[in-house]
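Here is the structure we will look at, set down as structure tokens.
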Ligand code: RNT
Ligand code: ZN
């Protein structure tokens, strides 16, 4: 049977449950996921040759990592050719591209240092998102940036933040697509602090200063990401969840939740509805924490599906800025990216072909026996046939065919990078 024939049969089966698969496929096509550039080079970037710092770690040394902007762009293109639909690219400030030996430190970055990325995005008709890089730099002193007690250090990073707001607005204006700019700082302490308030008060003031520059709020969507702990920063994190949610709510910016940034039994899927009740927009970093914020590749697993369900069944597709955040250096990086992107899309499609209204009715009429029975039945509906159809319709390889492309690319391109 062809993919189209299998889809026809699946469509009828879902129709009996009141699900319109044609509509689901159409909706999914218009969901743009922000793909992080940093899976391609283990969060290295192009503006330094020091180690990755900030309490985050990319482990593994699978060959073929991108070493130059050209290599990273080629790799991103390869991934986009294997992922259905059109997406956004999420850059970090450390991916500035300096030409003719010129260099600008993070506090002096300008739009021109990202011109090549804008050209890249324009040629592909995609939007760009952005992140100031508050790590992997000598001005991170004693693990602190925007919360540092040293004025010179704190001011350096405030200037970096301001520069990034300007660059984000440049992206939005050049591309005609709003740019989400996410602020995450690693600041924290390994051991029990003597003063928890001071660093948070300084962080608050630093954010106020960064956001005091004029910028167009309809173009630059400033987000603030919380965290519970980092490696070497286990006892105290300045940008905790309470800090970021309150700061965002009081300053009209967007809260960003990364599902690796909570205690192990806390689930971001359960937080989304509360956040949506009080915020016009929220932002997500979808990742896979394994025992800690390990940033494993996103799988088609329970929590990813649950996150997708919360977005879809609350009609929040346009209110959730959806980005991925993982970096696995132990496997082929093109494959890592592709698996994560396709899985996020699968999770969304899975949510779109769930009889959400019917399930809600069962809940509201206290029919939990039937709800469980039907939810379990739906798990083995011919979902794969709908997904395959979506891939075919969007001109990307169906089923595992994409992996052949990755192997070929590894042989022809990645293996030559040694
Ligand atoms: C770190 C945060 C942050 C980074 C990226 C590289 O724990 O999740 O989002 O992963 O900015
Ligand atoms: Zn994150």
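Read-outs: derived from the displayed coordinates by stated rules, not from any lab. Values in this document were obtained by computation on a predicted structure and should not be read as measured data. We place every Cβ from the backbone using ideal geometry, glycine too, and count neighbours over all the protein chains shown.
Among the residues of the stretch 48-67, is there at least one that is within 28 Å of residue 226 (Cβ to Cβ), in contact (Cβ under 8 Å) with a residue 60 or more places away in the chain and in contact with a helix residue (DSSP H, G or I) (Cβ under 8 Å, 6 or more places away or on another chain)? The answer is yes; a qualifying residue exists.
Only one of the numbered conditions (1) more than 16 Å from ligand 2 (Cβ to nearest atom); (2) in contact with a strand residue (DSSP E or B) (Cβ under 9 Å, 6 or more places away or on another chain); (3) under 19 Å from residue 154 (Cβ atoms); (4) assigned to a helix (DSSP H, G or I) is violated by residue 174, and that is (3). One residue stands out among those in the stretch 124-161 that are away from ligand 2 (no atom under 16 Å from the Cβ) and under 22 Å from the mean Cα position of the chain (by Cα): the one that is farthest from residue 47 (Cα to Cα), which is 125. Filtering 22, 42, 75 for residues that are within 18 Å of the chain's Cα centre (by Cα), more than 23 Å from residue 163 (Cβ to Cβ) and not in a loop (DSSP other than H, G, I, E, B) leaves a single hit, 75.
Here residue 238 fulfils each of the conditions (1) touching a residue at least 40 places away in the same chain (Cβ under 8 Å); (2) more than 14 Å from the chain's Cα centre (by Cα); (3) within 15 Å of ligand 2 (Cβ to nearest atom); (4) more than 18 Å from residue 38 (Cβ to Cβ) apart from (3). Is it the case that residue 232 is exposed (fewer than 15 other Cβ atoms within 10 Å of the Cβ) and within 13 Å of ligand 1 (Cβ to nearest atom)? Yes, satisfied. Residue 295 meets the stated requirement of being under 25 Å from residue 38 (Cβ atoms), crowded, with 18+ Cβ neighbours inside 10 Å and either within 16 Å of ligand 1 (Cβ to nearest atom) or within 19 Å of the chain's Cα centre (by Cα) (or both). Every test in (1) touching a residue at least 60 places away in the same chain (Cβ under 8 Å); (2) under 23 Å from residue 284 (Cα atoms); (3) out of contact with any strand residue (DSSP E or B) (no Cβ under 6 Å at 6 or more places or on another chain) is passed by residue 340 save one, and that test is (3).
Here's the yes/no breakdown for (1) over 18 Å from residue 251 (Cα atoms); (2) more than 16 Å from ligand 1 (Cβ to nearest atom); (3) surrounded by fewer than 19 Cβ atoms within 10 Å (Cβ to Cβ); (4) touching a residue at least 24 places away in the same chain (Cβ under 8 Å):
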| position | (1), (2), (3), (4) |
| --- | --- |
| 138 | yes, yes, yes, yes |
| 158 | no, yes, no, yes |
| 175 | yes, yes, yes, yes |
| 206 | no, yes, no, yes |
| 209 | no, yes, yes, yes |
| 222 | no, no, no, yes |
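Among the residues of the stretch 246-259, is any within 16 Å of ligand 2 (Cβ to nearest atom) and without any contact (Cβ under 8 Å) to a residue 24 or more places away in the chain? Checking the stretch 246-259: not a single residue is within 16 Å of ligand 2 (Cβ to nearest atom) and without any contact (Cβ under 8 Å) to a residue 24 or more places away in the chain.
Looking across the stretch 310-358, just one residue is within 16 Å of ligand 1 (Cβ to nearest atom), within 27 Å of residue 382 (Cα to Cα), in contact with a helix residue (DSSP H, G or I) (Cβ under 7 Å, 6 or more places away or on another chain) and not in a helix (DSSP H, G or I), and that is 324. The residues in the stretch 298-309 that are surrounded by fewer than 22 Cβ atoms within 10 Å (Cβ to Cβ) and in a helix (DSSP H, G or I) can be counted, and the count is 5.
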